[in-house]
Amino acid sequence: MTDYAFRAVTVADLPLLAEWLERPHVRRWWGDHGEALVSIEKHLRDAAVEPYMVMLDGRDFAYIQVADLDVEDDAALDGQPEGTCGIDQFIGVETLLGKGHGPAFMARFCQELFERGKNRVLVDPHPDNIFAIRAYTKAGFQRLGETNTNYGRALLMALDRQENDRQ
């Protein structure tokens with residue numbers, strides 16, 4: 001089994017993240033790389049969003065961030081259970097795309113969030129982002145339906161803590 005590790009993003013990671021954000025497969029869904037980098041840098045000082053580097057065999061290869069949606073001001077996300085968070089991520093190393101790493105590290109990261117007391121993890125890929133939707137489905141996320149968030153069109157998908165599924 002492949003082991004993934006997560007570590008908090010530091011200022012020293014910003015040049016690598018800038019490089020990844022410029023790659024076409026990331027830029028297509030994350031938009032302007034400069035704005036995205038400023039947003040990530042802001043998260044280093046803002047407790048509402050926690051940015052992490054994802055490591056495979058001790059090497060950084062992806063980025064993931066988790067946001068506390070209990071404090072998010074987005075009508076499209078209303079009605080979620082208490083303890084809901086949202087994640088966004090991308091694989092920066094192109095040679096590792098399409099090899100199953102995305103669903104695997106997301107499932108592992110979500111398990112850690114559940115162990116920290118979260119009840120639901122939401123993702124909101126653009127409905128045209130078939131690769132992300134496929135990865136989320138493989139990681140166990142269920143479709144909730146299309147909506148418009150503060151960031152545009154989205155397909156909301158959720159992964160609930162197992163205890164919730166048994167009730």
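Evaluate the stretch 27-167: find the radius of gyration of its Cα atoms, find its Kirkwood radius, and give the ratio Rg to Rh.
Details: Rg = 14.6 Å, Rh = 15.6 Å.
Radius of gyration relative to Kirkwood radius: 0.93.
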Original post:
Assigning unit charges at the beta carbon (Lys, Arg +1; Asp, Glu -1) and nothing else, what dipole magnitude in debye, to the nearest 20, does the chain show about its Cα centre?
Top reply: 600
Original post:
For the charge dipole of the chain, defined by +1 on Lys and Arg C-beta atoms and -1 on Asp and Glu C-beta atoms about the Cα centroid, which residue among I64, V11, A76 has the Cα displaced farthest towards the positive pole?
Top reply: I64
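Kindly put E50, E146 in sequence by how many other C-beta atoms sit within 10 Å of each C-beta, fewest to most.
Values: E50 18, E146 13.
By the 10 Å Cβ count, ascending, the order reads E146, E50.
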**OP:** Report the trypsin sites (Lys or Arg not before Pro) located in the stretch 1-75 that are in a DSSP loop and have at most 15 other Cβ atoms inside 10 Å of their Cβ, or state none.
**Re:** R45
Subject >> Amide H within-cut-off set for D88, under 5 Å, with H built and near neighbours excluded >> reply: Q65
Original post:
Dipole magnitude of the stretch 102-167 about its Cα centre, charges +1 at Lys/Arg Cβ and -1 at Asp/Glu Cβ only, in debye to the nearest 20?
Top reply: 80
Original post:
Tilt of helix 33-43 relative to the longest C-alpha principal axis of the chain, in degrees (0 to 90, nearest 10)?
Top reply: 60
**OP:** Starting with the fewest neighbours, write out M53, M106 ranked by other beta-carbon atoms found within 10 Å of each beta-carbon.
**Re:** M53, M106
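Which of the GluC sites (Glu not before Pro) found in the stretch 52-125 are loop residues per DSSP with 10 or fewer other Cβ atoms within 10 Å of their Cβ? If you can, show how the numbers build up before the last one.
Values: sites: E72, E82, E94, E112, E115; in loops: E72, E82.
Counting only loop positions with at most 10 other Cβ atoms within 10 Å, the GluC sites (Glu not before Pro) in the stretch 52-125 are E82.
Which ordering of M55, M157 is given by a fewest-first count of other beta-carbon atoms within 10 Å?
Numbers: M55 16, M157 21.
The fewest-first ordering by Cβ neighbours comes to M55, M157.
Can you tell me the order of 29-37, 10-18, 132-140, 119-127 when each peptide is scored by its average per-residue count of other Cβ atoms within 10 angstrom, highest first? The partial results should precede the final answer.
On the way: 29-37: 15.2, 10-18: 13.6, 132-140: 18.2, 119-127: 20.1.
Final packing ranking: 119-127, 132-140, 29-37, 10-18.
FYI, it's all coordinate maths here, none of it is from the lab. A quick note: this is a predicted structure, and the numbers were derived from the prediction, not measured. When we count neighbours, we look across all protein chains shown, and the Cβ atoms used for this are built from the backbone with ideal geometry, even at glycine.
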